Each structure stands twice: as structure tokens, then as C-alpha cells.
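J.: Have a look at this one before I ask anything.
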Amino acid sequence: MRLCKLLAAGVFAGLALTAAPASASVLDTVKQRGTLNCGTDNTAPGFGYLNTTTGGMEGLDVDFCRAVAAAVLGDASKVKFVTVTDKSRFDAVLTNQVDVVFAHTTMKPARESSIAIDFLPINFYDGTGLMVKAASGVKHFDDLEGATFCTTQGSATETLLADAFKARGWANSQVLTYENLEKLFAALNSGRCNAMSTDRSALAAWAGNSPKPSDYVILPETLDKSPLAGFVVANDSKWRNALRWVIFGLFQAEESGITQANLADKLKSEDPFVQKFLGVSGGYGKGFGLPDDFVAQAIKAVGSYGEIYDRNLGPKTKMFLDRKGTPNALWTQGGAIYSPLWN
């Protein structure tokens, strides 16, 4: 018995000696570097787009990058935008080229189970659609039997379309893939494909920003659900949880009526929840490795979720996507944008 105990002790001691040290969290790396490397698209108006007039990046996804930089580093300008495509976005995270990706990515189980990523909260509810030239006369998906469809490389839309063809018994339809949305739109315009298929929001953005939006028709069919979310490398709960609550903070800010414009006044509020939420009295940051005012810093940089949405997709934009009556409205207005309780 004593020999068994000694052997067991030796085994456990050996395990302790050979156990690999815990790797540093991306959160610690970002703090030490002093810059956030954020992966995003630069060809998706309204989401991640390089404005050639101003030379700056803009869009919903871009603002989430800036919010994270503000929350973690206290400065929204301390972000390096790294262009990713549908094909490269996952490798960019897995090889540490970027710390987080916000690039109109659909949350799917296979992506978390086999690619080794963890999704952040859904920040936009979308669906896969189809766009054709108005001159084609096409009104519905079923009018496109035998047509050539185009989509982006590395997206799940290629498989989705193939399944739709099979379900309809279409043997002559085909799919062409392109590197990014800009090349995809060019393929539709040049006639290399009869229909462009991607997220409906992206279709609306490209049509809305074209010289003549009426030249394009987005078909009424939605082929599947596309809940969009940012993502980080898997199994880094410290980094993932911090970013989850940055995003929830932007949702809660809209629900609580806190904006860039009234933030200074809200910081003087005597409401105990507002004081803690904004890090004036106590706060929620310490447990996440963030400053207690991390939500206030994010709001100061980009505003609440509602402000981010309106700036990039709202009624004053060319691609206006109305939130009313959609999951992209706050839960208090019948939508699905929802923050868990903070207290």
C-alpha cells in the first residue's frame, strides 16, 4: 500500500513538473502592445468599408473595433485595421494576425466546434439573399433556373446555393466565387453572373451606393438566417468575456438612453445603476481586467448601439435598413437586441 502511495505521489509530482504553463490571454497581449489589431472587411459599405474620399474606415463592424479599443486601452484611435476576407478571416485569428474579427460573420455551430473560435454576442440579424439587375426581369429565385450565381470565396453561401439547386432539381445552375464583395458586385455588373448572393444587408449596401440604385432588384426570398457576430480565438475566456460585455454595454446604453451627447450629464447621475454602469462609483471592469469606466469609454468613442446603427445603416445613409419590426430593434421595441442584467 505504501509503495502504491509513493508511486502515485511520484506520478502526480511528475505531472505537476511537466504541466504546461497557462498561456497569456489576448487581453494581456493587447494591453502590453498598446494597440488592438482588429480584422474587418474593407469592401462592405455600412459594415466595414474604406472610404476613398476620406481615406478612413467606416461601418458597423469598424465601430465595434473602435469600441473595443476604447474600452480596453482608453483610446479608440489605438486600433490597427487588418483587412480580412471571408476566406482569410478565421486563419487571421488562429495565427494571431488579429486579436478579434468583426466582419459580417454568421454564427454557426460548426465554426465554433471545428475552427476553434468563440463567437461574441450577435450584433446584427441578417439573412442570405439574392440580387439581380432590374433589366433581367427576374422577380423570384425560381426564375433563375439554369442561371450563374456568384458569391464570396470561403462563405457558406456556395453550399447553401448548391443545396437549393439540388432541392429544386436544377442541374444546369452554377456558382462562381470571388475574393470580396467589390469583385462580386463587379461580376454581376459585367454579366459574368446573373445573380449575386450574400447577406441581404450587403446587397442593400452595394445597390444603395451604386450610381443608380434602381438598376438592381433584391429578390424577396431569404435563403437562410444569418445572425452576424464578431469572434475571437477559442478557449481564452478572459478575452472573450471582456469583449462580450463591451458589446452588451453598448446594447444596454441604448436601452438606458445613454448617448455620446448626454454622457457627460449621465456621469453626474445620482442613479446607483448608472453610476456603477459607467464606472463612476464602483464598476464592473475589474473582474474582466478592464477599467471600471470601460463602458463609458466605449460610449464616448462610438455612442450606444442605436447610434452606431443609425450612423452606418440608418435613415440618413444610402443603404437605409429600417430596424422597426426586425430583430435588430431593441427587445423593448419587439426586437432581439438584448443585454443581460448588469446588477
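J.: How far is helix 237-255 tilted off the main Cα axis of the chain, in degrees rounded to 10, range 0 to 90?
T.: Once rounded, one gets 60 degrees.
J.: Just the number, please: percent antiparallel of the DSSP beta bridges in the chain, rounded to the nearest 5. If you can, show how the numbers build up before the last one.
T.: Details: 22 of 37 bridges.
About 60 percent, rounded to the nearest 5.
J.: If R0 is 51 Å, what FRET efficiency do you get for K212 and I115 from their C-beta distance, rounded to 0.05? Each step should come with its number before you reach the end.
T.: Values: r = 40 Å, r/R0 = 0.77.
After rounding, the FRET efficiency stands at 0.80.
J.: With every protein chain left in place, what is the accessible area of H104 in Å² (1.4 Å probe, nearest 10)?
T.: 20
J.: Next question, about the same structure. Under a 1.4 angstrom probe, counting protein chains only, how are F149, F185 ranked by accessible area, largest first? Walk me through the numbers on the way to the answer.
T.: Working: F149 0, F185 20 Å².
Solvent-accessible surface, decreasing: F185, F149.
J.: Moving on. Please work out whether the chain counts as rounded, prolate or oblate from its C-alpha gyration tensor, where a ≥ b ≥ c are the square roots of the eigenvalues and a/c under 1.5 means rounded, while otherwise a/b larger than b/c means prolate and anything else oblate?
T.: oblate
J.: Another question about this same structure. Under a straight-distance cross-link criterion of Cα-Cα below 19 Å, which lysines are reachable from K266, leaving out those fewer than 8 residues away in the same chain?
T.: K276, K300
J.: Could you provide, to the nearest whole Å², the per residue accessible area of the range 237-309 with probe 1.4 Å?
T.: Working: 2960 Å² over 73 residues.
Dividing the accessible area of the range 237-309 by its residue count gives 41 Å².
J.: Only Lys, Arg, Asp and Glu count, each charged at its Cβ (+1, +1, -1, -1), so figure out the dipole size of the range 32-92 about its Cα centre, rounded to 20 debye. Walk me through the intermediate numbers first.
T.: Numbers: 6 positive and 7 negative charges, 46 e Å.
Computed about the Cα centre, the dipole is about 220 debye.
J.: A further question follows. For D28 and L94, what is the calculated FRET efficiency with R₀ set at 25 Å and r taken between the beta-carbons, to the nearest 0.05? Walk me through the numbers on the way to the answer.
T.: Details: r = 19 Å, r/R0 = 0.74.
E(calc), rounded to 0.05, equals 0.85.
J.: Something else: Picking from D236, D63, D265, which is most flexible by a Gaussian network model of the chain using Cα springs under 10 Å?
T.: Answer for the Gaussian network model of the chain: D265.
J.: Next up: In whole Hz, with x marking every Gly and Pro, tabulate ³J(HN,Hα) for the range 336-343 from phi via Karplus 6.51 cos²θ - 1.76 cosθ + 1.60, θ = phi - 60°.
T.: Residue by residue, the range 336-343 yields 10, 7, 8, 9, x, 4, 9, 7 Hz.
J.: Measure out, as a whole number of angstrom, how far apart the alpha-carbon centroids of the range 69-136 and the range 267-296 sit.
T.: Value for the Cα centre distance between the two parts: 28 Å.
J.: Work from the charge dipole of the chain (Cβ charges, +1 for Lys and Arg, -1 for Asp and Glu, about the Cα centre) and give the residue of L160, T85, L27 farthest towards its positive end.
T.: L27
J.: Let me ask another. For the chain, what does -39500 (n - 2.57) per DSSP helix run (n ≥ 4), summed and divided by total residues, give at 222 nm, in deg cm²/dmol to the nearest 500? Working shown, then result.
T.: Working: 13 runs with 129 residues, N = 343.
Only helices count here, giving -11000 deg cm²/dmol.
J.: Turning to a different aspect of this structure: Run the numbers for D163 and S237: contour at 0.36 nm per residue of separation, minus the present Cα-Cα distance, in nm. Mind showing how you got there, number by number?
T.: Working: separation 74, 0.36 × 74 = 26.64 nm, distance 3.57 nm.
Working it through step by step, the gained length comes to 23.1 nm.
J.: Restricting to Cα pairs below 8 Å that are 6+ residues apart, what does the relative contact order work out to for the range 40-135? Please round to a whole percent.
T.: Working: 93 pairs, mean separation 20.0, N = 96.
The normalised contact order for the range 40-135 reaches 21 percent.
J.: For the range 27-85, what is the relative contact order in percent, using Cα pairs closer than 8 Å and at least 6 residues apart in sequence?
T.: Normalised by residue count, the contact order of the range 27-85 is 39 percent.
J.: Sorting check: for 37-45, 202-210, which peptide has the highest mean count of neighbouring beta carbons within 10 Å, and how do the rest follow? Don't jump to the answer; show the numbers that get you there.
T.: Working: 37-45: 25.3, 202-210: 22.0.
Ranking the peptides 37-45, 202-210 by packing returns 37-45, 202-210.
J.: To continue, here is another question. Please turn the phi angles of the range 52-63 into ³J(HN,Hα) values with the Karplus equation 6.51 cos²θ - 1.76 cosθ + 1.60 (θ = phi - 60°), one per residue in order, whole Hz, x for glycine and proline.
T.: Residue by residue, the range 52-63 yields 5, 6, 8, x, x, 8, 8, x, 4, 5, 4, 5 Hz.
J.: Once amide H atoms are built 1.01 Å from N in the peptide plane, which residues 5 or more positions from G127, or in another chain, come under 5 Å H to H?
T.: R200, S201, S226
J.: Which of K139/K212; K80/K316; K166/K212; K212/K324; K31/K286; K78/K268 have a Cα-Cα distance over 23 Å? Provide the component values of the computation, followed by the final result.
T.: Details: K139/K212 19 Å; K80/K316 28 Å; K166/K212 34 Å; K212/K324 26 Å; K31/K286 14 Å; K78/K268 27 Å.
In this structure, K80/K316; K166/K212; K212/K324; K78/K268 exceed 23 Å between Cα atoms.
J.: For the chain, calculate the relative contact order in percent as a whole number, restricting contacts to Cα pairs under 8 Å that are 6 or more residues apart.
T.: Working: 622 pairs, mean separation 70.4, N = 343.
With pairs under 8 Å counted, the relative contact order is 21 percent.
J.: Another question, then. Report, in debye and to the nearest 20, how large the dipole of the chain comes out about its Cα centre when Lys and Arg carry +1 and Asp and Glu carry -1 on their Cβ. The partial results should precede the final answer.
T.: On the way: 33 positive and 34 negative charges, 129 e Å.
Result for the chain is approximately 620 debye, rounded to the nearest 20.
J.: Just to verify a number: FRET efficiency for A336 and T53, C-beta to C-beta distance, R0 = 35 Å, to 0.05? Spell out each step's value before the answer.
T.: Values: r = 34 Å, r/R0 = 0.98.
The value I calculate is 0.55.
The values are calculated or read from the model by the stated rules, or taken from the named source; none is laboratory data. All figures in this text were calculated on a predicted structure; none of them were measured in a lab. Cβ: placed from backbone, ideal geometry, glycine included. Neighbour counts: every protein chain shown. These area figures cover heavy atoms from the full protein model, side chains too; ligands, DNA and RNA do not enter into them. Shrake-Rupley method; radii C 1.70, N 1.55, O 1.52, S 1.80 Å.
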